[in-house]
Amino acid sequence: MTVSIQQQDKIDNIETKWQYILKDTYNVENFIRMQRLLVLIIQHLVDHLKEHFDQISTSKDMEKRYALFKQMEYDFKQFIQNKQFITKEDARNNRITPEELMKHNTEDDAWFSYRGYVYDVSPYGQFHPGGLRCFKEYFGFDVTRVVIMKHKHVNIDSFICKLVIGMLDGDPILPQNNRE
């Protein structure tokens, strides 16, 4: 079969158009793949940035909390210096039974025993970062075990030493719920 030059031009033109269409289809598929890949990369970057900003805000929150804690600690030390309290030596002469200790179990009258000594922690509430409500379930009980479990890194004696009021005269009564 003989093809004229005009027919050949038409065929070439059609082949070229199909090649162009196929080439474009390939490019469109690649473009779509690239878009999907870019979307995944952008999502990953956004997630990473969110984590980073969350850490920054958490870090700033921690700095604020630490500053607040330090200020409260300072205020409490100032409070202690301006008040008259008995010493641990004097407290040894004031014997307090576990039954008497248990009567003092409100935020206004909060006592607990720690390592054999009894403390009136009522004045400490305004200086504790969480107030007295965070440990109100321990008022009237011995908190030695709880403190060792929860605050072994804190020298609690330095905070409450001036709040001592006596020695526990009897076996300590442990709180029912010690949240261990």
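The values are calculated or read from the model by the stated rules, or taken from the named source; none is laboratory data. No experiment lies behind these values; they were computed from the predicted model shown. Cβ: placed from backbone, ideal geometry, glycine included. Neighbour counts: every protein chain shown.
As for the range 163-171, it holds at least one residue that is in contact (Cβ under 8 Å) with a residue 12 or more places away in the chain and assigned to a helix (DSSP H, G or I).
Scanning the range 93-115 for residues that are touching a residue at least 40 places away in the same chain (Cβ under 8 Å) and surrounded by 15 or more Cβ atoms within 10 Å (Cβ to Cβ) returns 96, 98, 101, 111, 113, 114. In the set (1) at pLDDT 75 or above; (2) assigned to a helix (DSSP H, G or I), the condition left unmet by residue 31 is number (1). Only a single item in (1) at pLDDT 90 or above; (2) more than 19 Å from residue 72 (Cβ to Cβ); (3) aliphatic (A, V, I, L, M) is not met by residue 121, and it is number (2).
Rundown of residues vs (1) within 13 Å of residue 161 (Cα to Cα); (2) over 28 Å from the mean Cα position of the chain (by Cα); (3) in a loop (DSSP other than H, G, I, E, B); (4) not aliphatic (A, V, I, L, M), yes/no style:
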{"position": "80", "(1), (2), (3), (4)": "yes, yes, no, no"}
{"position": "86", "(1), (2), (3), (4)": "yes, yes, yes, no"}
{"position": "90", "(1), (2), (3), (4)": "yes, yes, no, yes"}
{"position": "118", "(1), (2), (3), (4)": "yes, yes, no, no"}
{"position": "125", "(1), (2), (3), (4)": "no, no, no, yes"}
{"position": "128", "(1), (2), (3), (4)": "no, no, yes, yes"}
{"position": "137", "(1), (2), (3), (4)": "no, no, no, yes"}
{"position": "146", "(1), (2), (3), (4)": "no, no, no, no"}
